[in-house]
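The values are calculated or read from the model by the stated rules, or taken from the named source; none is laboratory data. On a predicted model such as this, the values are computed, not experimentally measured, just so you know. So basically every Cβ, Gly included, is an ideal-geometry build from the backbone, and we count neighbours across all protein chains shown.
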Amino acid sequence: MSKHRRAWTIALVALAVVILAVVILAAVSDEPLRQYIEAEANSRLPGFHITIGALDLHPLTLSVALRDIVVRQDIHPDPPVVSIPKITADAELAPLLLGKIGADLRVEEPVFAITQKHVDGLLRKGDKEVVKEEAEAWQDRLRESMAFRGAFHVTNGHMTYEEGKAASEPLRIERFDIEATNITNRPQENDEYPSELRMHASFPDQSQIHLEGRADWFAIPVPKVDADLKIERLQIKNLLPVAGRFNVQCRQGALDVNGHVRYSESSTVLAINQFQLDDAKIDYVHSAATKPKEIQRAKKAAEKAKDAHQDSTMRVKVEQGKIRDSEIGFVNKATSPDYRVFLTDMDVELENLSNRLEEGTGTVKITGKFMGSGPTVMNATFRPEKPRPDFNLNAKIVKTHVSAFNDVLRAHGDMDTHQGTFAFFSEMTVKDNQIRGYVKPMLKDVEVYDAEQDKDKALTKKVWEAVVGGALGIFENKPRDEAATVTDLSGPVENPHADTWQVVGKLVQNAFFKAILPGFERVA
């Protein structure tokens, strides 16, 4: 054997020995390294317990794989918050030649099973502060560490959210994928958003959400994002587990949205270029049991709305929006009997609604059928709050069948009707905490008592309704058989800190109880 061949043989044998030694070392290092990573993860994430089923170190390919990762919340361990079959980290050689660390992190088929108990536990004040401090410390360590560039991928993820109530359906995301590239703690100068970001989520009904843009994950003091948002045919009934907590029942409807989101410590922008909601059926359900929470939510909403309008760093704008062939209602379960006030065949057009004065004036037009029968037209012009509500509101409702109000009348006046029509006219302006305007309800050919309809009712109630019906005749304008009254709603805004929508809601409530119902009740 020549010396040259012998040298190559020795080199190959030496290389094989080194490789074998590395493989053996990696094999015996797997378990200690798994235990170390598991312990570090648990120390860095208080309130949770993390287990790692196995670790495979592959030094020849500069990669490591973690298997069967399970994360449980200490106070609510079942179900696990997340289960991940496999996480792989692959190092890149090219950045090492430039004195940087490069790696791709891939999370495969994670399953998130989040419950309201998990959310409540996470939002506890003590835990929230600890998690925030740990997150900030983690960011600081990464910013100050050796320069690195990496990518993060989540493929074929699944998520469910359960409110924990027997009657509620869980919110399910059939699949979500996330891709973030060029994640670095040393961005180039003037590169405000160095990382590319893509997110996609699909629901069981094939509706989808897309987010695509850029981000800086190590911006100080919080990450910042600049991305386009697209929602395709989102079935709003999927939002019931979340909306239901706010007494909103979303039974059906499909939502499409095109917009843009920009978030950073210095500003928040939500710009909806266009949205359309089709065939929606939505109710707000009020009950005696939820009244205290509703009041509390209203106060918090008013405070947040006030901050949003006064804060120059927050911008919310809807350039154009449409609602088609929909139905919206208010259900009152705090009365006996229950009743529902609603608008069917509803079409809505919105343009240029914003919380910023420089965005100009916004308009809303609503058409539909009040209580399923009365042609309705409402027009509103909203000027941004600076800082008080500033808007005009006109409404016209005609030819509404009064019998549709029977549950309302029984609940508030212990009476019902047999025939007749209802109309309503109103013009109102709100500015500088002052209301100027009126409401004018009209009743035509109304019969409160009917012998055939009421033959099974108690005599006392028959007499009561006969008296009301007879008294109503006294106030009718002959020969048109119409009863009308004008109620002036002018005066100061009841709650000077209320936002626009709270003022609108209060005006509607006052119109209903101070004008519409008295058309029946005062004549008694």
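Before moving on, here are some points about what is shown:
- Residue within region 354-363 that is of a type in the set (A, V, I, L, M, F, W, C) and either surrounded by 16 or more Cβ atoms within 10 Å (Cβ to Cβ) or under 20 Å from Asn394 (Cα atoms) (or both) present: no
- Filtered residues of region 188-202 (kept if farther than 16 Å from His153 by Cα and either surrounded by fewer than 18 Cβ atoms within 10 Å (Cβ to Cβ) or among the acidic types (Asp, Glu) (or both)): Gln188, Glu189, Asn190, Asp191, Glu192, Ser202
- Hey, Ile366 surrounded by fewer than 21 Cβ atoms within 10 Å (Cβ to Cβ) and closer than 19 Å to Phe424 by Cβ or not: yes
- Residue in region 121-176 that is farthest from Phe246 (Cα to Cα), counting only those that are in a loop (DSSP other than H, G, I, E, B), at pLDDT below 75 and charged (D, E, K, R): Arg124
- Of the residues making up region 58-81, those that are in contact with a Lys or Arg (Cβ under 9 Å, 6 or more places away or on another chain) and surrounded by 14 or more Cβ atoms within 10 Å (Cβ to Cβ) number 10.
- Verdict on Glu192 being in contact (Cβ under 8 Å) with a residue 60 or more places away in the chain, not in a strand (DSSP E or B) and not β-branched (Val, Ile, Thr): no
- Extreme residue, modelled with the highest pLDDT, among residues of region 248-302 that are of a type in the set (S, T, N, Q) and over 25 Å from Glu232 (Cα atoms): Ser264
- Being touching a helix residue (DSSP H, G or I) at 6+ places or on another chain (Cβ under 7 Å) and of a type in the set (D, E, K, R) is a description that applies to Glu385.
- Selection within region 203-241: residues that are closer than 20 Å to Val154 by Cα and polar (S, T, N, Q). The member of this set that is surrounded by the most Cβ atoms within 10 Å (Cβ to Cβ) is Ser207.
- Filtered residues of region 177-187 (kept if in a loop (DSSP other than H, G, I, E, B) and surrounded by fewer than 16 Cβ atoms within 10 Å (Cβ to Cβ)): Arg186
- Qualifying residues in region 40-77 (those that are basic (Lys, Arg) and assigned to a strand (DSSP E or B)) - the one farthest from Thr115 (Cα to Cα): Arg67
- Residue, farthest from Lys317 (Cα to Cα), within region 338-390, restricted to residues that are touching a Ser or Thr at 6+ places or on another chain (Cβ under 6 Å) and among the aliphatic types (A, V, I, L, M): Met371
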